[in-house]
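Read the structure below first, then the notes.
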Amino acid sequence: MEFIINKKNFHRLKEYGFKLPEEWLASGALEGTNVNEYCMMDGCYYIYLMDGENPSKIAVEDSGNPLLEGWVDTRPGEYGILWFDAIPYCTYHVGMDDLEMMMDIIYRMTKEGILERIDIKLKLI
């Protein structure tokens, strides 16, 4: 299953907290993390789970990797697919509390009609 944002709605990504790489880099929220300009692609919008104790910084695990990161590739020729990556922290799994931001974004975007679910059928060769 994939979620796609129609190209006419790319401009609305900022309403949900997504930012372009240069905006994240300028914000200072990535300082002290593994995320830098080489980790992000120009033309993609990114969102990160923010740290509950220091909301001006992104939430990271011990080695500096983001606990929850989402992005949408809006470069020409790309499909606008919404992706999320989650990393467990201090446990072997990622629980629902960790995924609340992701679930909220998917729900709000779907409710507002800018996110479409598509099913991918895998072909075994």
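The values are calculated or read from the model by the stated rules, or taken from the named source; none is laboratory data. Keep in mind it's a predicted model, so treat the numbers as computed, not measured. A quick note on method: Cβ atoms are made from the backbone with ideal geometry, for glycine too, and the neighbour counts reach across all protein chains shown. Note: areas computed on protein heavy atoms with side chains; ligands, DNA, RNA excluded. Shrake-Rupley method; radii C 1.70, N 1.55, O 1.52, S 1.80 Å.
Given a Förster distance of 22 Å, report the FRET efficiency between ASP73 and GLU31 from their Cβ-Cβ distance, rounded to the nearest 0.05.
Using R0 = 22 Å, I get an efficiency of 0.30.
Estimated purely from DSSP H runs of n ≥ 4, each contributing -39500 (n - 2.57), the mean residue ellipticity at 222 nm for the chain is -4500 deg cm²/dmol once divided by its residues.
Give me the accessible area per residue for the chain, probe 1.4 Å, as a whole number in Å².
With the other protein chains kept in place, the chain gives 65 Å² per residue.
Once the gyration tensor of the Cα atoms in the chain is diagonalised, the equivalent ellipsoid follows with semi-axes of 24, 18, 15 Å, ordered largest first.
Would you mind telling me the share, in percent, of accessible area of region 58-125 contributed by carbon and sulfur at probe 1.4 angstrom? So the carbon and sulfur contribution to the accessible surface is 55 percent.
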